[in-house]
1. Could you say which residue among ASN135, ASN172 is at pLDDT below 95 and either polar (S, T, N, Q) or surrounded by fewer than 22 Cβ atoms within 10 Å (Cβ to Cβ) (or both)?
2. Please specify each residue of the stretch 156-179 satisfying the condition of being part of a strand (DSSP E or B) and farther than 23 Å from ARG317 by Cβ.
3. Please state which one of THR210, THR202, THR196 is out of contact with any helix residue (DSSP H, G or I) (no Cβ under 6 Å at 6 or more places or on another chain) and without any contact (Cβ under 8 Å) to a residue 40 or more places away in the chain.
4. State yes or no: is ASN315 polar (S, T, N, Q) and closer than 21 Å to LYS160 by Cα?
5. Considering every residue within the stretch 119-131, establish whether at least one is surrounded by fewer than 18 Cβ atoms within 10 Å (Cβ to Cβ), free of Cβ contacts under 8 Å to residues at least 12 places away in the same chain, not in a helix (DSSP H, G or I) and not acidic (Asp, Glu).
6. Specify which of the listed residues (THR193, THR210) is within 16 Å of ligand 2 (Cβ to nearest atom) and at pLDDT 95 or above.
7. Scanning for something more than 28 Å from PHE13 (Cβ to Cβ), in contact with a Pro (Cβ under 9 Å, 6 or more places away or on another chain) and within 15 Å of ligand 2 (Cβ to nearest atom), does the stretch 159-171 turn up at least one residue?
8. Which of the residues spanning the stretch 299-321 are polar (S, T, N, Q), under 24 Å from ILE203 (Cα atoms) and surrounded by fewer than 18 Cβ atoms within 10 Å (Cβ to Cβ)?
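The values are calculated or read from the model by the stated rules, or taken from the named source; none is laboratory data. Computed from a predicted structure; not experimentally measured. Counting neighbours? That spans all protein chains shown, and the Cβs are built from the backbone with ideal geometry, glycine included.
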Amino acid sequence: MDQARRNVKREQFVKTKNLGTNLEDIDAAVSILRLGGLVAMPTETVYGLAADATNENAVLKIFKAKGRPAYNPLIIHVKNTRMAEEYTQWNDVAQTLAEKFWPGPLTIVLPSRINSKIAKTARASLPSIAVRMPNHPVALNILDQLDRPLAAPSANISGKISSTSADHVLKNLNKKIDAIIDGGNSSVGVESTIVTFQPQPTILRAGAITPKAISNEIGSKIHHYDKKGPIIAPGQSKSHYAPNAKLRLNAIDWKQGEKKLGFGNVNCDLNLSKDKSLTEAAQNLFNFLHLLDSSDPITISVSPIPNEGIGLAINDRLRRASLKE
Ligand code: AMP
Ligand code: MG
């Protein structure tokens with residue numbers, strides 16, 4: 001077997017290192033990333049599958065490991081606004097939002113700088129770059145030591161349920177990535193809010209930062225991406241976050257044989273939040289979908305979730321999880 005084929009073979013089955021959050025393990029993760037490897041790391045939203053965003057080959061490995069279509073660009077994680085300015089055409093509105101919400105679950109889409117060193121593969125050849133500064137000590141420590149931006153989509157097989165713990169990542173990506181850092185459960189539990197300003201201020205994806213909070217900061221109305229309108233960013237139309245099971249949403253009664261995912265004062269298999277806390281429901285959402293899912297053809301019925309605050313993001317994920325492609 002020639003060397004090239006041997007390399008391909010080796011890439012198909014890597015031994016995934018289980019790392020903790022001590023200094024030695026973080027050093028090991030940084031070394032892997034510096035050499036172009038893949039590391040799943042905790043962030044406050046969900047676990048991210050990280051690679052050096054300036055290394056085409058490393059970024060390509062993310063797409064391969066996740067089975068992600070090449071047209072779906074990756075969010076670029078930065079250690080501070082200065083790093084974001086290095087790669088994007090940063091502006092006053094971005095600065096205002098970053099001052100208010102970074103580090104935190106807000107991704108800002110901006111035109112790329114000419115000759116930006118972000119791998120073309122990471123932005124799916126688009127003229128824009130999506131940037132975020134995560135609010136997690138492990139992610140920030142890695143970014144700081146590496147001193148390079150990290151491309152990091154959620155650490156799961158493309159289209160499937162996102163990971164909010166190291167166990168979820170292992171279930172999906174064991175032997176496909178170089179390492180995983182176990183940093184406990186993600187505190188927010190759903191992916192970042194994504195905002196763009198082209199052609200007008202628009203929320204591309206709901207998250208913990210609400211449209212109202214953003215429009216208060218920028219002092220103008222913010223549109224919500226219209227599901228029925230044209231697609232203005234990739235990755236918006238399809239089924240996503242999907243368990244094997246069928247989902248029945250807004251269930252006000254339970255049918256026999258269904259698994260029951262409740263909210264509030266209801267009898268059910270797992271309750272997203274007995275106290276009707278949307279923050280708690282978001283933290284539990286992906287974990288409970290992982291727990292209730294099964295390879296058998298079952299249905300998971302879900303209580304109605306109020307469509308306000310982070311409930312907007314929960315309902316967005318549930319709706320997309322209920323679609324079959
Ligand atoms: P995720 O699936 O969490 O990795 O989020 C990626 C999503 O962010 C994509 O599906 C796009 O909607 C958006 N996005 C990422 N990069 C860009 C970009 N360069 N331009 C526009 N949207 C982007
Ligand atoms: Mg994802």
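1. Working: ASN135 fails: at pLDDT below 95.
After ruling out the rest, the residue left standing is ASN172.
2. Of everything in the stretch 156-179, just one residue is part of a strand (DSSP E or B) and farther than 23 Å from ARG317 by Cβ, namely ALA179.
3. On the way: THR210 fails: without any contact (Cβ under 8 Å) to a residue 40 or more places away in the chain; THR196 fails: without any contact (Cβ under 8 Å) to a residue 40 or more places away in the chain.
Sole residue among the options that is out of contact with any helix residue (DSSP H, G or I) (no Cβ under 6 Å at 6 or more places or on another chain) and without any contact (Cβ under 8 Å) to a residue 40 or more places away in the chain: THR202.
4. Taking the combined requirement at face value, the residue satisfies it.
5. Among the residues of the stretch 119-131, at least one is surrounded by fewer than 18 Cβ atoms within 10 Å (Cβ to Cβ), free of Cβ contacts under 8 Å to residues at least 12 places away in the same chain, not in a helix (DSSP H, G or I) and not acidic (Asp, Glu), which makes the answer yes.
6. Numbers: THR210 fails: within 16 Å of ligand 2 (Cβ to nearest atom).
One residue alone meets the criteria, THR193.
7. Looking only at the stretch 159-171, we keep the residues that are more than 28 Å from PHE13 (Cβ to Cβ), and these are none.
Among the residues of the stretch 159-171, not one is more than 28 Å from PHE13 (Cβ to Cβ), in contact with a Pro (Cβ under 9 Å, 6 or more places away or on another chain) and within 15 Å of ligand 2 (Cβ to nearest atom), which makes the answer no.
8. Result: ASN307, single match.
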